[in-house]
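**Q** One structure is given below, represented as structure tokens, and several questions about it will come after.
The values are calculated or read from the model by the stated rules, or taken from the named source; none is laboratory data. Remember, it's a predicted structure, so these values are computed and weren't measured experimentally. Note: ideal-geometry Cβ built from the backbone for every residue, glycine included; neighbour counts use all protein chains shown. In case anyone asks, the SASA skips ligands and DNA or RNA and just uses the protein heavy atoms, side chains included. Shrake-Rupley method; radii C 1.70, N 1.55, O 1.52, S 1.80 Å.
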Amino acid sequence: QVQLVESGGGLVQPGGSLRLSCAASGRIFSFYVMGWYRQAPGKQRELVARITSGGSTYYADSVKGRFTISRDNDKTTVYLQMMSLKPEDTAVYYCNSFPATVAYWGQGTQVTVSS
């Protein structure tokens, strides 16, 4: 059984930065492609970035060049470094496997970008 706990969200001004963390329990973590997703009010949840166990990455066009996904397989943690944040980045951010596994959705962490 894998449990994922997101943290690191908060209120930040436009242009600011945040680093999100996703702590995973479960020894099979290192075999998964992991992703960060987000859901803004009134919108569907979308994939923001994903990373393979070997470190290959993919980014949605909307965050490319501003966000960086990384993982520490020893610490079973996935990170999302977010820079140059925009109001449209405001959302609840979740981590999950890719493709997402329904049973792994956690509470997420709220990111609000506002002046």
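**Q** Tell me the per residue accessible area of the chain using a 1.4 Å probe; a whole number in Å² is fine.
**A** Details: 6230 Å² over 115 residues.
Per-residue accessible area for the chain comes out at 54 Å².
**Q** Moving to a separate point now. Excluding M82 itself, calculate the net charge of residues whose Cβ lies under 9 Å from the Cβ of M82, where each Lys or Arg counts +1 and each Asp or Glu counts -1.
**A** Net charge in that neighbourhood comes out at +1.
**Q** Okay, next question. For the chain, which whole percent of the accessible surface, found with a 1.4 angstrom probe, sits on carbon and sulfur atoms?
**A** The nonpolar share, carbon plus sulfur, comes to 49 percent.
**Q** Shifting gears a bit: D61: net charge of surrounding residues, Cβ under 13 Å, Lys/Arg +1, Asp/Glu -1, itself excluded?
**A** Result for the local shell: 0.
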